[in-house]
1. Please compute the per residue accessible area over region 3-91 with all protein chains in place, 1.4 Å probe, rounded to a whole number of Å².
2. Could you give the longest part of the chain that holds none of the GluC sites (Glu not before Pro) found in DSSP loops with at most 16 neighbouring Cβ atoms within 10 Å?
3. Sequence neighbours fewer than 8 away in the same chain don't count; with that in mind, list the lysines whose C-alpha is under 16 Å from Lys275.
4. Translational D (Stokes-Einstein, µm²/s) of region 108-275 at 25 °C and 0.890 mPa s when Rh comes from the Kirkwood sum over C-alpha pairs?
5. How much net charge surrounds Gln165 when only the other residues with a Cβ under 10 Å from the Cβ of Gln165 are counted, with Lys and Arg +1 and Asp and Glu -1?
6. On a C-alpha basis, how far is the centre of region 397-417 from the centre of region 2-74 in Å? Whole number, if you could?
7. Could you tell me, in Å, what Rg and Dmax come out for the Cα atoms of region 3-91?
8. Hey, got a sec? Which trypsin sites (Lys or Arg not before Pro) in region 1-85 land in a DSSP loop and have at most 14 other Cβ atoms within 10 Å?
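The values are calculated or read from the model by the stated rules, or taken from the named source; none is laboratory data. Here the structure is a predicted model, which is why all the values come from computation and not from measurement. Here the Cβ is made from the backbone with ideal geometry for all residues, glycine too, and neighbour counts use every protein chain on show. For accessibility, only protein heavy atoms count, side chains too; no ligands or nucleic acids. Shrake-Rupley method; radii C 1.70, N 1.55, O 1.52, S 1.80 Å.
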Amino acid sequence: MKKAQKDVWSGILHRLESTVGEDRFNLWFRNIEPITFSEGTLEIGVPNLFIGEWLEKHFGDVIIEAARHEIPECKQVRFKVVAKLFKKVRETQLREFAGVAEEIGFVSDHTAEIRSDMLLENFVVGPCNRFAHAAAMEIINSTSTKFNPLFLHGGVGLGKTHILQGIWNSLQKRRSKRKAIYVSAERFANEYVFALRHHKLDSFRHFYRNIDVLLIDDVHFLRNKMGFQEEFFHTYNSLDSANKQVVMASDTHPKLIGKFKEALINRFVSGMVIKLEPPDFKTRVAILRTKAKQLRKVINPDVLRYIADTVTGNVRELEGALTTVIAYASLSKSKITLSLAKQALEATSKNKRNDISIEKIEKTILKHFDVTRAQLHSSRRTKSISYPRQIAMYLARKYTSLSTQEIADYFGGKNHTTVLFADRKVSRLREKDVELDALLKKLEQQITA
Ligand code: ADP
Ligand code: MG
């Protein structure tokens, strides 16, 4: 930037700082920069969409006013995500974590799994999730622990991760002094193994026992894994006895979670156990309205009601249907009308043959390969087991409308990337390997019969 432009920009920043105050300035304006000014529009680079939207919504007028002082002909400001700024912010975050990571030598960036749009502000509250949301608000608003742990459970795609990450994002945004960590149980387990192998258990324990709010997702992953449960039990106890908050999410109620240490289950139910239900029609419409707004799409209420009426399962499917409709309209270069939405959703439901259940696919596989269900759901990687498992995942992707995560969950709580990997591997092999192709055709005949 030229000297004069630099002065103009620092003038604008200076004015902004005095208007919004130092705290808010540091929070929102520190990582932005001017890109261009032409035809009355000042374009400002931001690190991510979320910050851009926030600035526009909350500080739009203030920014224009500050800009006009320096550039009288400025009529509007526009925000654009700039990769360089995104990287810079990420790096700062990483550096903050590296301080910890160096000391303990293994914990990599936990923030990488956080979705910045999973905010409690974006969470649509309805009868299905009211208590879970209220409990989350209670946790971010109070400094003492009133209930421990908070245990959320419910099916896939009902907002458990959204609430956990929403708590993390809120604490972050408020620059809370409480140290919060969001981690999936799978990652916790992996880190534990890593620490064990590298003789770093002390550091691992030090890290996980010095957290104010531990948000641990998909704890059902620990089912049948007694060693990890033992470690988690100790982590939980030490946090609980220090009055630190633990929030957990799982696919089922603690009592139904499967093979779990009795003592751990007792701890789970000793706090607040809340179930998330699938959203009712009104909430589904409200969710769609919110999502459409986030995507900056104006969609006719009739269309939203139609989608909410057609897709009744979970919020993830609801989001998927909305994206499908939007994509369909954009590909066919037409407006989003009711009849277009119908076409779009019919086209996709035909592609996915919904009537075939994953259980049926599994049965066919078990019979053909002579493996047991327990083996298929285990984490064993022996070829005689992993091969049928991968084929089962491939067929589930092809013949059911389940998401990769749902398929992963079905096969013993695996990572969804395992399913993606299996799907790709089998479909690639199939192209080259005639024997495999013949086998798959035979299996496909059986499952579609
Ligand atoms: P779970 O962890 O229970 O499987 P997620 O939290 O991942 O489900 O939710 C699936 C998707 O649906 C996410 O994109 C999430 O943002 C969205 N979602 C879920 N519940 C709500 C809600 N009440 N309001 C807005 N979005 C929601
Ligand atoms: Mg989840």
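1. Numbers: 5410 Å² over 89 residues.
Result: 61 Å² per residue.
2. Here the longest run is 74-449.
3. Result set, ordered by chain and number: Lys160, Lys255.
4. Numbers: Rh = 16.0 Å.
Approximately 153 µm²/s, per Stokes-Einstein.
5. Working: positive: Arg115, Lys160; negative: Glu113, Asp117, Asp217.
That works out to -1.
6. Computed from Cα coordinates, the inter-centre distance equals 45 Å.
7. According to the Cα coordinates of region 3-91, Rg and Dmax are 12.1, 36 Å.
8. Sites meeting the loop and neighbour criteria: Lys2, Arg30, Lys75.
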